[in-house]
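Since the structure comes first, as C-alpha cells, the remarks are kept for the end.
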Amino acid sequence: MDILKTIISAIALSLSKPEADIKKESNLVTDLKLDELDMEEIHLAIEDAVGVTIVDADFEKFNTIDDIFSYVTLKLKPESGH
C-alpha cells in the first residue's frame, strides 16, 4: 500500500478536492483551509482508508499531511523485537 497516496486520496474524497491540490507538505489549515468539522471528517476518512486508529489528541497536533503520514507509517511499522 502506498500510504501517502492512500492518505491524500482519502482527504481528497472527503473534502471533494482534486488530489493534485493536496501535497505532502500541505498545511491542513493554511493551505487546505480546513475547519474543525473538516478535520473530523478527514480524521475518520484516514482511519478507514489505512486501517489505523489515530488518537484524537494526536490528530489535533498534526499541522501537515506529512505529520499524518509519519504517524500512520510509524503505526503500521512492524514491531522489531528480533
* To do: Mind listing whichever residues of the stretch 38-71 are assigned to a helix (DSSP H, G or I) and not hydrophobic (A, V, I, L, M, F, W, C)?
  => D38, E40, E41, H43, E47, D48, D56, D58, D66, D67, S70, Y71
* Pairs only if they're at least six apart or on different chains, beta carbon under 6 angstrom, first in the stretch 34-56 and within 15 Å of I22 (Cβ to Cβ), second surrounded by 15 or more Cβ atoms within 10 Å (Cβ to Cβ) and among the small types (G, A, S); list them, first residue then second. => E41/S14; I42/S14; A45/A10; A45/S14; I46/A10; A49/A10
* Of the numbered conditions (1) surrounded by fewer than 16 Cβ atoms within 10 Å (Cβ to Cβ); (2) outside any helix (DSSP H, G or I), L34 satisfies every one except a single condition; which is it? -> (1)
* To do: For the stretch 57-76, enumerate the residues that are surrounded by 16 or more Cβ atoms within 10 Å (Cβ to Cβ), touching a residue at least 24 places away in the same chain (Cβ under 8 Å) and either within 16 Å of D38 (Cβ to Cβ) or aromatic (F, W, Y) (or both).
  => F62, T64, I65, I68, F69
* **Long-range neighbours under 7 Å by Cβ, at least six apart or interchain, first residue more than 16 Å from N63 (Cβ to Cβ) within the stretch 1-24, second of a type in the set (A, V, I, L, M, F, W, C) and surrounded by fewer than 16 Cβ atoms within 10 Å (Cβ to Cβ)** => I3/L76
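Bear in mind these aren't lab numbers, they're just calculated from the coordinates by the rules spelled out. Keep in mind that this is a model prediction, so the values were computed, not measured. Neighbour counts run over all protein chains shown; Cβ positions are idealised from the backbone, glycine included.
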